[in-house]
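Since the structure comes first, as structure tokens, the remarks are kept for the end.
The values are calculated or read from the model by the stated rules, or taken from the named source; none is laboratory data. Quantities reported herein were computed from a predicted structural model and do not represent experimental measurements. Neighbour counts are summed over all protein chains in view; Cβ atoms, including those assigned to glycine, are modelled from backbone coordinates with ideal geometry.
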Amino acid sequence: MAKKRSNNLTEQNVTEISQDRRSKRRYPIELPVQYKIMKNYLVLGTGNGNSLDLSSGGIAFTGSAPLKIGSYLELSISWPVLLNESCPLKLVASGRVVRSDQNCTAISLDRYEFRTSGAKGLQSTAAPQSLTMAFR
């Protein structure tokens, strides 16, 4: 005999549901961000900022000015962890602006990938102590 489910929602359940309705978990991480505003494979503008949080569905970041909702961006973020403890990485992500104001811009991701960076990227992402340890 099957149990009858109760449809009663407690105040605690309603509060938990209403606080964050995103389908992907967001991870707070602050890293430097460079972005390009793209249209038909042409770069219309560039800018810098810092990431606020990341998920597999989107990225929120600060910028110098609000961006137009619907704009297509390509973001580049120097990743703080080295591949095989020696190769610097950068996260390259692209997507559309879904929200933007003076404090934050958020994009919904179409695609993202990790790319390897050259030695220049290693100097900007790793602390000097890590560099000496990596080359011993």
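Do any strands (runs of 3 or more DSSP E) lying entirely in the stretch 21-136 carry at least 2 residues that are surrounded by 17 or more Cβ atoms within 10 Å (Cβ to Cβ), of a type in the set (Val, Ile, Thr) and at pLDDT 95 or above, and which ones are they? Walk me through it before giving the result.
Details: elements: 32-39, 42-54, 58-63, 72-78, 89-100, 105-116.
It comes to 32-39, 105-116.
Which one is farthest from the chain's Cα centre (by Cα) among residues in the stretch 53-105 that are farther than 18 Å from residue 42 by Cβ and β-branched (Val, Ile, Thr)?
For the stretch 53-105, the residue satisfying everything is 69.
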